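The values are calculated or read from the model by the stated rules, or taken from the named source; none is laboratory data. Just so we're clear, the structure is a prediction, and the values are computed from it rather than from any experiment. Cβ atoms come from the backbone with ideal geometry, glycine included; neighbour counts cover every protein chain shown. Side chains are part of the model used for accessible areas, which takes the heavy atoms of the whole protein and leaves out ligands, DNA and RNA. Shrake-Rupley method; radii C 1.70, N 1.55, O 1.52, S 1.80 Å.
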Protein chains: 4
Amino acid sequence: MKLNFKNDYNTVGDKRILEELIKYSDERNIGYGEDIHSAELNKIVNKILGLNTDTYVLAGGTVTNIVALNQILKYPYEAVITGENSHINIHETGAIEATGHKIILTPLKDGKIDISKIRDTYNLYVDNHMVMPKALYLSNANELGLTYTLSELKEISKICKELNLYFFIDGARLPIALVSEGYSLKDIASVCDMFYIGGTKNGLPYGELLIIINDELKTNFKYLLKNKLGMLAKGYVGAIMFKKYLEDDYYLTLANNSLLMSNIIRDKLDKYLIYKNKTNQIYIKLNKADALKLTEYVDFEIWENNDKYQVIRLVTAFNTTEKEVSDLINVFKNLNLI
Amino acid sequence: MKLNFKNDYNTVGDKRILEELIKYSDERNIGYGEDIHSAELNKIVNKILGLNTDTYVLAGGTVTNIVALNQILKYPYEAVITGENSHINIHETGAIEATGHKIILTPLKDGKIDISKIRDTYNLYVDNHMVMPKALYLSNANELGLTYTLSELKEISKICKELNLYFFIDGARLPIALVSEGYSLKDIASVCDMFYIGGTKNGLPYGELLIIINDELKTNFKYLLKNKLGMLAKGYVGAIMFKKYLEDDYYLTLANNSLLMSNIIRDKLDKYLIYKNKTNQIYIKLNKADALKLTEYVDFEIWENNDKYQVIRLVTAFNTTEKEVSDLINVFKNLNLI
Amino acid sequence: MKLNFKNDYNTVGDKRILEELIKYSDERNIGYGEDIHSAELNKIVNKILGLNTDTYVLAGGTVTNIVALNQILKYPYEAVITGENSHINIHETGAIEATGHKIILTPLKDGKIDISKIRDTYNLYVDNHMVMPKALYLSNANELGLTYTLSELKEISKICKELNLYFFIDGARLPIALVSEGYSLKDIASVCDMFYIGGTKNGLPYGELLIIINDELKTNFKYLLKNKLGMLAKGYVGAIMFKKYLEDDYYLTLANNSLLMSNIIRDKLDKYLIYKNKTNQIYIKLNKADALKLTEYVDFEIWENNDKYQVIRLVTAFNTTEKEVSDLINVFKNLNLI
Amino acid sequence: MKLNFKNDYNTVGDKRILEELIKYSDERNIGYGEDIHSAELNKIVNKILGLNTDTYVLAGGTVTNIVALNQILKYPYEAVITGENSHINIHETGAIEATGHKIILTPLKDGKIDISKIRDTYNLYVDNHMVMPKALYLSNANELGLTYTLSELKEISKICKELNLYFFIDGARLPIALVSEGYSLKDIASVCDMFYIGGTKNGLPYGELLIIINDELKTNFKYLLKNKLGMLAKGYVGAIMFKKYLEDDYYLTLANNSLLMSNIIRDKLDKYLIYKNKTNQIYIKLNKADALKLTEYVDFEIWENNDKYQVIRLVTAFNTTEKEVSDLINVFKNLNLI
């Protein structure tokens, strides 16, 4: 069987989390997130953050992005600023526009939003013939596995406050950013108005935990959640899973495995690396012939493809084993690539 | 602790289903429903139905309704006909309108769509100053626990074909309708263009299995699924669950328990029954004082509430026990209600 | 040639208004309503109303309704209450739903909104699984030519304040309501948050004058106006027309002609009248054979049509002549209908 | 009084057109474009083009763009390709996104769409996580006053056919393109699926004439026109104006004046020209001090503004006089700019 380094959501989920579901399977709960597990989860988050937040578990990243941005953007002329390579711009099949809002692109620098250009981008929007920027969106870690440093996030936060932009962080891969950068959930909460902690890409069968920091964004959230298709009947299922996920920083334990395994791979494939990132996404550039040979032994994502070379992505997961990693390395060795 | 007869989605899910997730928890799969479990599930469904359908697992009922109707309704002037009490009209926080489409209401008769009035409703829409009816939606069983007979469904199907309306059946509670009415999935598939088999309300932690019968409605479905927030990264999780759910008609076994338990209750509460239905939703009318006393011992949904009386709903689930039922009966006895 | 009593928008417009356009045809103006005519029009309106309003001229009734309601309704779960026969519900091809908002229907009484039922309608919307009522919409005069008395409007206004509903009056036929009921623009402005003075149906080639009373609804209006397709490049054209239209109550003079002509017709056709209204829309019921004969001589709208009878609508306009009216009466006489 | 070279829609309209309205002011017509003038206009257009088209008059450019593109794009995942500087992307306050569709940007070359890059842009959209390109939009003349040659348009047309993209031409300034490039309406109709002939920017008080060439795009257009707020009650008013506008190529006569007057200005301001275009929009670059002096005597649009210089736009209109032009030249002379 082929090795699978295609993504970080390629197994059902972590057993410890799944067993938690069986443990509670007979307990009767109230629906739609009005249950005690959801209330407890909120308390846990608030204790971690030292804040009074509202918390909701949604099924996946795209629906979380769309619900969150629609809570921020009211009128259809209100727009979100982001980078060209961001998930909402490229990989959500136009979902944000489908809810009526335009994306404003701001320049990138080395794969991340160029912080020095945000004000310029904002300042282009000058009158009522143009949309009105109201939010800034970024992913951390982003699609390229790149992370923002805490000082970068603080700088962005400052600019957003100055420009009256709400700052929303897509945290589908936040756990890996935390272990990679060494900052905490509390740090993240201190810079933005809303963010989420991804579960799907770090060991949960589904689930993203949306955390609303800014009180202005809390009003009537569940109306929007239902209207925008994000409300789950069995809200307590997500809450049970996230309670376990947060307990004793288990989400960091899971992310740490992804990081460690990716570090081993990065070390061996150093000469092929495209980005000097330190997360579980490894982008390498191979000549075309080598990439084709590799494809016989390993499942991976092709990011760029032309006559001469391919840029491919290898991703480690919360449960990637040392065996899988050494098997991968051996494939590269056997193909004389390293 | 109070008895809970509030709804049929008040526990995590059936253990046999949950254990299936643990069984496959180490297997690496492709994302977004392109995996082998999703392919197998499709084969299983096609074998059951004797048809060549497309199948997709979505997270919940509302998102399934909205995605399905948006696949049917293209232009924003195209509208869906349904009854006033239908889920999309009353209990989805305007989600269908939020995607741009109007609901046309057709008269009810005893809580179900009055079949003899569908043509009249359709015929009111005569020119381009009005919306254009393009679909008919109903739930089976519906919100009141009422089911359509097979001959009723066939009659509706015939009318829809005549009027060029696509016929979509919301099957969030289809399993209970099947065991109550005694018809089969094949029967359902023969009358409509698209329907779904509910999982959330019959033992799954989440999940509805959407089945597209009509070839015209298959094109580019996954684009819409992603755009309308219904695509799940771990599509194989839903597929694994539904394979088990359909195996040896396990979904009917689960629904049968709901039915049997509700039959016992209906038998005892006969004099209070509002509807002569035979599904797991039991609507009873109690005088106000009695209803208030009951509320101390039992969790239930209040459907109507005034100074004199309450209409309340008691719901049995796939895992309601005989003990819970006899405890409920005893509460009624102790309150001298029966 | 046939007589034409089909509607009140069947001629290009009043000559005095049109000549005003020629008078100013060489003057160079700023676009998009930033011109001096638009500013002057605003001053004139504010002087008439004794208020500090914002004013905008839009092209037609439907776009005015949609822009106005979208300024009021922000989030897609916010809904507008209106009667089943209202223009936005029946005759705008689902335009309001196309912008994402649901219409909530409240019962009618004799063709108008039943004021005593508004609270009940509102109170049905109790939780986040349902839309949230945020506005009340009615037309005055409405589609049936019926008007609300000032005391009725004040009662509705009071209820709206109590329920936190914004009250928006569609005034496509407001001028005829004013001359019929004897109240003033100032009266209208005192009861609602936003309304408009129709021009298209009372002598203008196009144009509705939207007036925003409530300060909360003024913010960023032109962003929405452009986004929702209502902004006109040559805003000053509408302003020039409306300045003339309001000058010396010329709009009332025009509406008065419609009223007088309709009164003559109503007087003669008394026995056929469906509604005891006093506006320029006259609904009569004729047996089928008579209606068919009439159709050879007169253009009119058919409102209801069955084997036995037709309900037809005769409409007088700002420029309906006494000759046209007496010709119409003669047709009825010649057909032995009166 | 200041000279006004701010835009080409700064006067009510051409007298000959306006007088046409007075001429027909007493004639009673059917509403909503079902009248004889609209039918005659369609015949005139079909005779000019030698085609069987559908034609509609809408109020302005933005609403025409949005209605046209919504007729082309059905599902919300269908997107339109255009250049970064296009009207729908920059100057319509997000109106196209507000109807649910994403804009895909394709690279520009010297201010126009880079034809050689269209296929590359298209080919980026490869799977159901991304939107699906379905239309190509451009303005001719565009926002910068630039025109496409006939051979360029034919090349684009060929690419669109190859890629299954519908080709829609925004003709808000088509008349000036026609007189500048020397091609005909027939040429335009031969390359695209839908286009419009602008009236607002060439002598009409309002109005754009949308022409549907491709039969696939004709179905149920008026439903969409009403739903998307473009239907005018007095459709015959626009038809009366456009009949005159097209008679004896009067629209070209009007555009010719704009062109001639702009040619004189361009000739004198040659050294300041930014673009070597030949239409009524003249972009010049002045140092900041000069631009500020100019602003005392002339109204114009500022396109770019920084500490050192301004790019400003001077626009001639259908009725710009030789006197206005020589006055403008004199201002430049008096300021020692030429």
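Can you pull out the residues in segment B:220-229 that are at the interface with another protein chain (Cβ under 7 Å from one of its Cβ atoms), crowded, with 24+ Cβ neighbours inside 10 Å and either closer than 29 Å to B:Lys15 by Cα or hydrophobic (A, V, I, L, M, F, W, C) (or both)?
The answer is B:Leu229, and nothing else.
Can you pull out the residues in segment D:1-19 that are facing chain C (nearest Cβ under 9 Å), open to solvent by 10 Å² or more (accessible area, probe 1.4 Å) and not in a loop (DSSP other than H, G, I, E, B)?
D:Leu3, D:Asn4, D:Lys15, D:Glu19
Within segment D:184-197, is even one residue at pLDDT 95 or above, part of a loop (DSSP other than H, G, I, E, B), more than 9 Å from chain C (Cβ to nearest Cβ) and farther than 23 Å from D:Ala141 by Cβ?
Quick first cut of segment D:184-197, residues at pLDDT 95 or above only: D:184-197.
After this cut, where a residue has to be part of a loop (DSSP other than H, G, I, E, B) as well, the list is D:184, D:192-193.
Still in the list and also more than 9 Å from chain C (Cβ to nearest Cβ): D:184, D:192-193.
Those still in the list that are farther than 23 Å from D:Ala141 by Cβ too: none.
Checked against the condition, which is being at pLDDT 95 or above, part of a loop (DSSP other than H, G, I, E, B), more than 9 Å from chain C (Cβ to nearest Cβ) and farther than 23 Å from D:Ala141 by Cβ, segment D:184-197 yields no hits at all.
Output the residue which, of all residues in segment D:160-203 that are among the charged types (D, E, K, R) and surrounded by fewer than 21 Cβ atoms within 10 Å (Cβ to Cβ), is farthest from D:Glu216 (Cα to Cα).
Initial filter on segment D:160-203 (among the charged types (D, E, K, R)): D:161-162, D:170, D:173, D:181, D:186-187, D:193, D:201.
From what's left, surrounded by fewer than 21 Cβ atoms within 10 Å (Cβ to Cβ): D:161-162, D:181, D:186-187.
Numbers: D:Lys161: 14, D:Glu162: 17, D:Glu181: 29, D:Lys186: 20, D:Asp187: 20 Å.
Filtering first and then ranking leaves D:Glu181.
Restricting to segment C:137-155, count the residues that are buried (at least 20 other Cβ atoms within 10 Å of the Cβ) and in a helix (DSSP H, G or I).
Total meeting the criteria: 1.
Residue-wise test of (1) among the aromatic types (Phe, Trp, Tyr); (2) assigned to a strand (DSSP E or B); (3) in contact with a Pro (Cβ under 7 Å, 6 or more places away or on another chain).
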position: C:Ile48; (1), (2), (3): no, no, no
position: C:Asn52; (1), (2), (3): no, no, no
position: C:Tyr56; (1), (2), (3): yes, yes, no
position: C:Val63; (1), (2), (3): no, no, no
position: C:Leu69; (1), (2), (3): no, no, no
position: C:Lys74; (1), (2), (3): no, no, no
position: C:Ala79; (1), (2), (3): no, yes, yes
position: C:Asn85; (1), (2), (3): no, no, no
position: C:Ile88; (1), (2), (3): no, no, no
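Would you confirm, using the coordinates I've provided, whether D:Tyr206 is surrounded by 24 or more Cβ atoms within 10 Å (Cβ to Cβ), touching a residue at least 24 places away in the same chain (Cβ under 8 Å) and within 25 Å of C:Asp26 (Cβ to Cβ)? It would help to see each step written out before you state the result.
Working: surrounded by 24 or more Cβ atoms within 10 Å (Cβ to Cβ): yes; touching a residue at least 24 places away in the same chain (Cβ under 8 Å): yes; within 25 Å of C:Asp26 (Cβ to Cβ): yes.
Yes, satisfied.
Could you check segment D:28-58 and list, in sequence order, the residues that are farther than 18 Å from D:Glu208 by Cα and in contact with a His (Cβ under 9 Å, 6 or more places away or on another chain)?
D:Asn29
Run C:Lys47 past the list (1) within 30 Å of C:Glu143 (Cβ to Cβ); (2) more than 11 Å from chain D (Cβ to nearest Cβ) and report the number of the one that doesn't hold.
So the condition that C:Lys47 fails would be (1).
Could you tell me whether B:Leu254 is assigned to a loop (DSSP other than H, G, I, E, B) and crowded, with 19+ Cβ neighbours inside 10 Å?
no
Of all the residues that make up segment A:230-242, how many are assigned to a helix (DSSP H, G or I), open to solvent by less than 10 Å² (accessible area, probe 1.4 Å) and within 22 Å of A:Leu69 (Cβ to Cβ)?
Taking segment A:230-242 first, the residues assigned to a helix (DSSP H, G or I) are A:235-242.
Still in the running and open to solvent by less than 10 Å² (accessible area, probe 1.4 Å): A:236-242.
From what is left, the residues that are within 22 Å of A:Leu69 (Cβ to Cβ) are A:238, A:242.
Total satisfying the criteria: 2.
Confirm whether A:Ile22 is within 11 Å of chain B (Cβ to nearest Cβ), at pLDDT 95 or above and under 23 Å from the mean Cα position of the chain (by Cα).
Working: within 11 Å of chain B (Cβ to nearest Cβ): yes; at pLDDT 95 or above: yes; under 23 Å from the mean Cα position of the chain (by Cα): no.
Criteria not met by A:Ile22.
Determine, yes or no, whether B:Tyr245 is assigned to a helix (DSSP H, G or I), among the aromatic types (Phe, Trp, Tyr), buried (at least 24 other Cβ atoms within 10 Å of the Cβ) and over 17 Å from the mean Cα position of the chain (by Cα).
On the way: assigned to a helix (DSSP H, G or I): yes; among the aromatic types (Phe, Trp, Tyr): yes; buried (at least 24 other Cβ atoms within 10 Å of the Cβ): yes; over 17 Å from the mean Cα position of the chain (by Cα): no.
Spelling it out, it is not the case that B:Tyr245 is assigned to a helix (DSSP H, G or I), among the aromatic types (Phe, Trp, Tyr), buried (at least 24 other Cβ atoms within 10 Å of the Cβ) and over 17 Å from the mean Cα position of the chain (by Cα).
Could you tell me which numbered condition B:Lys134 fails, if it satisfies all but one of (1) open to solvent by 40 Å² or more (accessible area, probe 1.4 Å); (2) touching a residue at least 24 places away in the same chain (Cβ under 8 Å); (3) more than 23 Å from B:Ile212 (Cα to Cα)?
For B:Lys134, the exception is condition (3).
Hey, can you tell me all the residues within segment A:25-43 that are surrounded by fewer than 17 Cβ atoms within 10 Å (Cβ to Cβ) and not basic (Lys, Arg)?
Going through segment A:25-43, the residues surrounded by fewer than 17 Cβ atoms within 10 Å (Cβ to Cβ) turn out to be A:26-27, A:34, A:36, A:39-40, A:43.
A:Asp26, A:Glu27, A:Glu34, A:Ile36, A:Ala39, A:Glu40, listed by residue number.
Which condition from (1) at the interface with chain A (Cβ under 9 Å from one of its Cβ atoms); (2) part of a strand (DSSP E or B); (3) aliphatic (A, V, I, L, M) is the one that B:Ile211 breaks?
(1)
Could you figure out which of (1) more than 12 Å from chain B (Cβ to nearest Cβ); (2) in contact (Cβ under 8 Å) with a residue 60 or more places away in the chain; (3) in contact with a helix residue (DSSP H, G or I) (Cβ under 7 Å, 6 or more places away or on another chain) isn't true of A:Tyr77?
(2)
Looking at segment A:310-324, which of its residues are more than 14 Å from every other protein chain (Cβ to nearest Cβ) and open to solvent by less than 60 Å² (accessible area, probe 1.4 Å)?
Of the residues in segment A:310-324, the ones more than 14 Å from every other protein chain (Cβ to nearest Cβ) are A:310-312, A:322.
If the condition is that a residue be more than 14 Å from every other protein chain (Cβ to nearest Cβ) and open to solvent by less than 60 Å² (accessible area, probe 1.4 Å), then A:Gln310, A:Val311, A:Ile312 are the ones that fit.
Quick check on this structure: which one of C:Lys276, C:Lys271, C:Lys285 is open to solvent by 30 Å² or more (accessible area, probe 1.4 Å), part of a strand (DSSP E or B) and either within 18 Å of C:Ile169 (Cβ to Cβ) or more than 14 Å from chain D (Cβ to nearest Cβ) (or both)?
C:Lys285
Are any residues in segment C:81-101 within 11 Å of another protein chain (Cβ to nearest Cβ), over 15 Å from the mean Cα position of the chain (by Cα) and open to solvent by less than 10 Å² (accessible area, probe 1.4 Å), and if so, which ones? Can you show your working first?
Filtering segment C:81-101 for residues within 11 Å of another protein chain (Cβ to nearest Cβ) gives C:84, C:87-101.
Imposing the further condition that a residue be over 15 Å from the mean Cα position of the chain (by Cα) reduces the set to C:84, C:93-101.
C:Thr93, C:Gly94, C:Ala95, C:Ile96, C:Glu97, C:Gly100, C:His101 - these are the residues of segment C:81-101 that are within 11 Å of another protein chain (Cβ to nearest Cβ), over 15 Å from the mean Cα position of the chain (by Cα) and open to solvent by less than 10 Å² (accessible area, probe 1.4 Å).
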